[in-house]
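To keep things clear, I will list the structure first and then write my remarks on it.
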Amino acid sequence: MPARKLAETDAQILALHHHVLTQCVAITSSVDTIPPEMVLPQMRERWLRELRQAVVALTFVIERLADGPKVEAPS
């Protein structure tokens, strides 16, 4: 089971990486083409809140992984 779980986690991280990059490019493109005056203040605040929540979630995962046991590379 550990090998299967390892492969599953690796696939999840790769999928997340792909989706995050794809979404960032799409969102940036959209934001760059929307006139700023069209974005209502409430919408801007909601977008910022959602993006910050995503960053917090990713930070938690990164810190959890970074806190794990360190493995030295063979010399």
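Which of the residues spanning the stretch 34-64 are open to solvent by less than 80 Å² (accessible area, probe 1.4 Å) and not hydroxyl-bearing (S, T, Y)? Within the stretch 34-64, I34, P35, V39, M43, L48, A54, A57, L58 qualify. Looking across D67, D10, one residue alone is among the acidic types (D, E) and surrounded by 10 or more Cβ atoms within 10 Å (Cβ to Cβ). It is D10.
Evaluate the following for V31: is it among the β-branched types (V, I, T), open to solvent by 70 Å² or more (accessible area, probe 1.4 Å) and out of contact with any Ser or Thr (no Cβ under 9 Å at 6 or more places or on another chain)? So V31 passes the test.
The values are calculated or read from the model by the stated rules, or taken from the named source; none is laboratory data. Keep in mind the model is a prediction, meaning the values are calculated, not measured. Cβ sites come from the backbone with ideal geometry, for glycine too, and all protein chains shown count toward neighbours. Ligands, DNA and RNA are excluded from the accessible area calculation, which covers all protein heavy atoms including side chains. Shrake-Rupley method; radii C 1.70, N 1.55, O 1.52, S 1.80 Å.
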